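Participant: Before we start, here is the structure in question, set down as structure tokens.
Every number in this text was worked out from the coordinates using simple rules, so none of it is lab data. Keep in mind that what you see is a predicted model, and the values were worked out from it rather than measured. Cβ placement follows ideal geometry from the backbone for every residue including glycine, while neighbour counts extend to all protein chains displayed.
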Amino acid sequence: MQSSTPAALAHESGASSDSGDVRRAAAQAAQLAPEVHARQISARLDRLPPSAPVWLLIGALALGGWFEIYDMFLTAYIGPGLVKAGIFSKTTASIFDLGGLGAFVAALFLGLFIGTIGVAFIADRMGRRRVFVGALLCYTFAAVMMSLQSEPGWVVFWRVVAGIGVGAELVTIDAYVSEFVPARLRGRAFAFVQAIQYTSIPTIAFLSWQLVPIAPFGQDGWRWVVWIGCSGAVFVWLIRLGLPESPRWLIQHGRTAEAEAIVARLERRIERATGKPLPAAKIENVAPATSSSTPAATSDDSPWSARYRRRTIMLLVFNFFQSIGYYGFASWVPTLLAEKGVTLTHSLWYSFLIAIASPLGPLLSMLIADRVERKWLIVGAAAAMAVLGVIFAQQRAPMLLVAMGLLMTLAGNCMTFSYRTYQAELFPTRMRARAIGLVYSASRISAMLSGFMIGFFLRHLGVPGVFALIAGSMFVVVLTIGLFGPRSRGLSLEQISG
């Protein structure tokens, strides 16, 4: 009987290629030029149907990032507990006040910045799978250490270290997914990945609602929320060990036989699952610079090269401002509700209701993810966030607050999976993780600063001032992507990055 778990599928798809498969693939590979290998592998992956083996592999990758998302949104839901415990104050007395909750918010994004720009490039050198597996160990250890602290300085320090692991992980996942899924399925695949990952948000919201106001067995509730996440991360780490390496990355590093074996195994599983042979692969003619499979440096090997500079600048500006808008709301929901007069317990309850929309947004968006041009999905979602944020700031009735929060979360998550797909598409395999890390780094800087900025605005301008900042940031996003973003829907990675 065939195993159908994500781990078993990933393992069978090529986590440990047997010698016979590798020898047969090597014999075939030796007869082809390197450029042909790259185009052939790309064409074979792009013609795969949306079958159960493909979705199970995507699901295994998504599970790999579940606890990273859990950790990212930990900030919002245990924040009130940290204030209640007297570790941090709710507002920020000065821009860089380490005793304010803004410092805790900023600490995560400082770590994410280091992880994305300083660590994620390793995935382009050592492989997606190694970084994917190793980053969780960094996060888990640092999260456990953070949960044992009571001084704000040490909480902030270990929060930075945890963020380094999360930052490297999320960049690697985006590169991993984009390189495995067919072009016509890429938008839905990222939406599906985010839907699975974002079930962690209502999970942490529910746990925080139940645990943060109390102290089970004499330990603050926020510590229990962190410990639960760390214990579950161990099981996800076992799933990751069975994942195959990205065939596109292997081709780039001259490991053609391994790439051939992984793709061949996946093809065989799909043929068994569907009961019919796969269609012939259609090899696209692309420029040699984008199809080269050798690791040698070229003039186009940098995101700052003439070929990619415009895209890099566009995505840096976009990421800087989208992060202020997105995390300015998502990381501060319970605190913003409390500022509007909602009690701690009720603010966590309302935040849980709002968080339910986190996985629903990407699931609903799967209906249009590959039907609407990617850039316009980003633009539409950002515009909706700006309008809904202004409306949210004017409400005081609990049901209206929850309704506006739900809609804003839906719009924000539609924007998130769309831009994750988009920025992974715009760069070639040889620099994909490095480029994603570079442009992501701008969002980490702005999110880090937004922790202090939101706290400062909340203290001096109240909730309306916070949402004016969010709306202004989303307006910049609309202009940046709308005016300068290239189209990508339905095109192969090699066509887009050419």
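Participant: Run the simple label-point estimate for L98 and M145 please: 7 Å along Cα→C-beta, distance reported in nm.
Facilitator: 1.5 nm
Participant: Figure the gain on full extension for V234 and Q395 (residue separation times 0.36 nm, minus the Cα-Cα span) and round it to one decimal in nm.
Facilitator: 53.8 nm
Participant: Continuing with this model, one more query. Subtracting the Cα-Cα distance from 0.36 nm times the residue separation, let me have the gained length for I356 to F475 in nm, one decimal. Before the final figure, lay out the partial values.
Facilitator: Details: separation 119, 0.36 × 119 = 42.84 nm, distance 2.62 nm.
Stretched out fully, the I356 to F475 stretch lengthens by 40.2 nm.
Participant: Run the numbers for Q210 and K282: contour at 0.36 nm per residue of separation, minus the present Cα-Cα distance, in nm. Let's see the in-between values first.
Facilitator: On the way: separation 72, 0.36 × 72 = 25.92 nm, distance 5.39 nm.
The span from Q210 to K282 would gain 20.5 nm if fully extended.
Participant: Still on this structure: Per residue of segment 214-230, in order, report the coupling 6.51 cos²θ - 1.76 cosθ + 1.60 (Karplus, θ = phi - 60°) as ³J(HN,Hα) in whole Hz, putting x for Gly and Pro.
Facilitator: 10, 9, x, 6, x, 10, 3, x, 5, 5, 5, 4, 5, 4, 4, x, 5
Participant: Provide E267, E260, E245 in ascending order of the number of other Cβ atoms located within 10 Å of each residue's Cβ, fewest first.
Facilitator: Result, fewest neighbours first: E267, E245, E260.
Participant: Pull up all non-local amide H partners of G100: gap of 5 or more, or a different chain, and H-to-H distance under 5 Å with H placed in the peptide plane.
Facilitator: Placed amide hydrogens put S89 under 5 Å from G100.
Participant: Separate question: Going by C-beta contacts inside 10 Å, put D220, D124, D71 in order with the fewest on the left.
Facilitator: D220, D124, D71
Participant: Then there's this: Filter the chymotrypsin sites (Phe, Trp or Tyr not before Pro) in segment 39-148 to those in DSSP coil with at most 13 other Cβ atoms within 10 Å of their Cβ, and list the result.
Facilitator: Answer in residue order: F96.
Participant: Further question on the same structure: Considering all alpha-carbon pairs of segment 397-487, what whole percent are spaced by more than 18 angstrom?
Facilitator: 60 percent
Participant: Testing the spin-label approximation: label points 7 Å from Cα along Cα→Cβ at A306 and F217. State their distance in nm.
Facilitator: The modelled label-to-label distance comes out at 6.5 nm.
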